[in-house]
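Visitor: I'd like to ask you about the structure that follows.
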Amino acid sequence: MVIFYSPDNAFAKAYSQAKQLNKNTWTITGPSTDYEFLNSQMTAYSIELDEEVDEVQPILNTSYTTFNLEGYSYDDYPPVQVPFGAVRMNTVPNVLMFKSIGDVETQQPLWFTYEENDTRHAVFLAEGFWRWRAQSYLEEKDFKNWDELVGSQIQYLASNKRRNRLEIDYKTFYYQNQKIIINAQYLDKNYEFEDNGILNMTLIHTTTDRQIVRPFILEGNSYSVDLSGIGAGDYRFTVKVENDQLSQSGSLSILEFDVEKQFISAQDSDMQQLVGVESVYYQGQMEQVVAQLMQNPLLKPVERSSTSYASLIDWKYLLGIILLLLGLEWFLRKYNGLI
């Protein structure tokens, strides 16, 4: 990256080389800045020419998305001098700080970034940059607050490496009985983890066109969504980040769970551990199986017999009938004079 401080006509060759080499730039205006020259070099913005200056204070844009501003505080910072003319943007900037003139808060950019083709650029339209770093020390007893902000800006400009700021971690298929968790990583433009994003996944069943929307939940340093319980089938999905032009698409399948379809080959190693290597047979070994069965003593036929005895006294009803018949015979004999 290249930093231009208080540029004027002497910077013409440097600006030309930076463009030829596709370098990222940070332009910081100062007391000797030639704004007419600056306008001639820039296509993304222009500044009205005026010899007067304004003293302004910064208004931090909490919706700034290029890098994370959490933890930064810049209240009651001393004023800095800016050109009196308005700034006209010819591209969509990402404004880090707006101008506050007295009690009037404006939408005029004081510090902003923008991207042009494959390069990144930052602009600080004020003189007196050092005052804010001094104020940071007076308030915090160190320079950490201010230096971290400048460090984030440098990190953003120091590389043209293009990474996907939104990464989705998922498998191409899941079984219906599984816990289906899909994770996502969302980074700011500085490729630092963004923990205040709002991510939603939209799934569309490829056969029925049924649409399902599920939100992601922040868990530690990633976002996750639970798809457990949705029906089996093929789905295409899109993950979008609200308030950011980021999205990722893909497809996945959810399969019906069938235990018998989970294993397509025999688990011979487990069988060998259970019954021994010599007792496991494979296809084509039918003769060995028959021979083993014929020789196995546990499989020979065995004839068994059992005898049981029961005492007549245990048959109470039969004993009663026999005694009754004997008594009847004695009575008849006695009656007929046979006794």
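Visitor: Compare Ile217, Ile198, Ile182, Ile154 by solvent-accessible area with a 1.4 Å probe and give them largest first, with all protein chains kept in place.
Guide: Ile217, Ile198, Ile154, Ile182
Visitor: Here is a further query. Quick query: amide H of Tyr174 versus all other amide H atoms, modeled in the peptide plane; which residues come in under 5 Å with a sequence gap of 5 or more or a different chain?
Guide: Residues meeting the criterion, in which the H sits 1.01 Å from N, are Ser253, Ile254, Leu255.
Visitor: Okay, moving on. As a quick test, which of the pairs Lys19/Lys99; Lys13/Lys189; Lys179/Lys240; Lys23/Lys189 have an alpha carbon distance above 25 angstrom in this structure?
Guide: In this structure, Lys19/Lys99; Lys13/Lys189 exceed 25 Å between Cα atoms.
Visitor: Around Asp34, which amide H atoms from residues at least 5 apart in sequence, or from another chain, sit under 5 Å from its own amide H, with H modelled in the peptide plane?
Guide: Under 5 Å from the amide H of Asp34 lie the amide H atoms of Asp8, each far enough along the sequence or on another chain.
Visitor: All other residues with a Cβ under 10 Å from the Cβ of Asn39 taken together, and with Lys, Arg as +1 and Asp, Glu as -1, what is their net charge?
Guide: Net charge around Asn39: -2.
Visitor: Please sort by residue number the trypsin sites (Lys or Arg not before Pro) in the stretch 107-142 whose DSSP state is loop and whose Cβ has at most 15 other Cβ atoms within 10 Å.
Guide: Passing sites in the stretch 107-142 are Lys141.
Visitor: How about the stretch 181-215: which chymotrypsin sites (Phe, Trp or Tyr not before Pro) there lie in a loop by DSSP and see at most 10 other Cβ atoms within 10 Å? Don't skip to the end; give the middle numbers.
Guide: Numbers: sites: Tyr186, Tyr191, Phe193; in loops: Tyr191.
Those that pass, being in a loop and sparsely packed, number zero.
Visitor: Need one word for the stretch 182-298: rounded, prolate or oblate. Basis is the Cα gyration tensor (sqrt eigenvalues a ≥ b ≥ c); a/c below 1.5 gives rounded, then a/b vs b/c decides.
Guide: Prolate.
Visitor: I've got another one for you. Helix-derived [θ] at 222 nm for the chain: sum -39500 (n - 2.57) over DSSP H runs of at least 4, divide by residue count, nearest 500?
Guide: Computed ellipticity for the chain at 222 nm equals -7000 deg cm²/dmol.
Visitor: List, in order, the whole-Hz ³J(HN,Hα) value for each residue of the stretch 174-182 obtained from phi through the Karplus relation with A = 6.51, B = -1.76, C = 1.60 and θ = phi - 60°; use x for Gly and Pro.
Guide: Running phi through 6.51 cos²θ - 1.76 cosθ + 1.60 with θ = phi - 60° gives 9, 8, 4, 7, 7, 7, 9, 10, 10 Hz.
Visitor: Provide the solvent-accessible area of Leu319, counting protein heavy atoms only and rolling a 1.4 Å probe, rounded to the nearest 10 Å².
Guide: It works out to around 60 Å².
Visitor: What does the convex hull of the Cα atoms come to per residue for the stretch 156-205, in Å³? Numbers along the way, then the final one.
Guide: Working: hull volume 5.6 nm³, N = 50.
Each residue corresponds to 113 Å³ of Cα convex hull volume.
Visitor: Each residue of the stretch 228-240 in order: what ³J(HN,Hα) in whole Hz does its phi give by Karplus 6.51 cos²θ - 1.76 cosθ + 1.60, θ = phi - 60°, with x for Gly and Pro?
Guide: Per-residue couplings from phi come out as 4, x, 7, x, 5, x, 9, 10, 10, 9, 9, 9, 10 Hz.
Visitor: Going by accessible area, probe 1.4 Å, with all protein chains left in place, what is the ranking of Trp111, Trp130, largest first?
Guide: These residues rank, largest area first, as Trp130, Trp111.
Visitor: Among Leu166, Leu318, Leu96, which one shows the biggest mean-square fluctuation in a GNM of the chain, springs joining Cα atoms closer than 10 Å?
Guide: Maximum among the listed residues: Leu318.
Visitor: Any chance you could list P(r) for the stretch 66-206, counting all Cα-Cα pairs in 5 angstrom bins from zero, rounded to whole %?
Guide: Distribution as computed: 2, 7, 14, 16, 16, 14, 10, 7, 5, 4, 3, 2, 1, 0 percent.
Visitor: Okay, next question. Step through the residues of the stretch 130-141 one at a time and calculate ³J(HN,Hα) from phi using the Karplus curve (6.51 cos²θ - 1.76 cosθ + 1.60, θ = phi - 60°), rounding each to whole Hz and writing x for Gly and Pro.
Guide: Here the 3J(HN,Hα) series is 5, 5, 6, 5, 5, 5, 4, 5, 4, 7, 10, 6 Hz.
Visitor: Probe 1.4 Å, all protein chains in place: accessible area of Glu167 in Å², nearest 10?
Guide: 90 Å²
Visitor: Sort Thr207, Thr91, Thr33 by heavy-atom solvent-accessible area, probe 1.4 angstrom, most to least. Before the final figure, lay out each step's value.
Guide: Working: Thr207 110, Thr91 50, Thr33 20 Å².
Sorted descending by solvent-accessible area, the residues read Thr207, Thr91, Thr33.
The values are calculated or read from the model by the stated rules, or taken from the named source; none is laboratory data. Keep in mind that what you see is a predicted model, and the values were worked out from it rather than measured. Ideal geometry is used to build each Cβ from the backbone, glycine not excepted, and the neighbour counts take in all protein chains shown. With ligands, DNA and RNA removed, areas are computed over all heavy atoms of the protein, side chains included. Shrake-Rupley method; radii C 1.70, N 1.55, O 1.52, S 1.80 Å.
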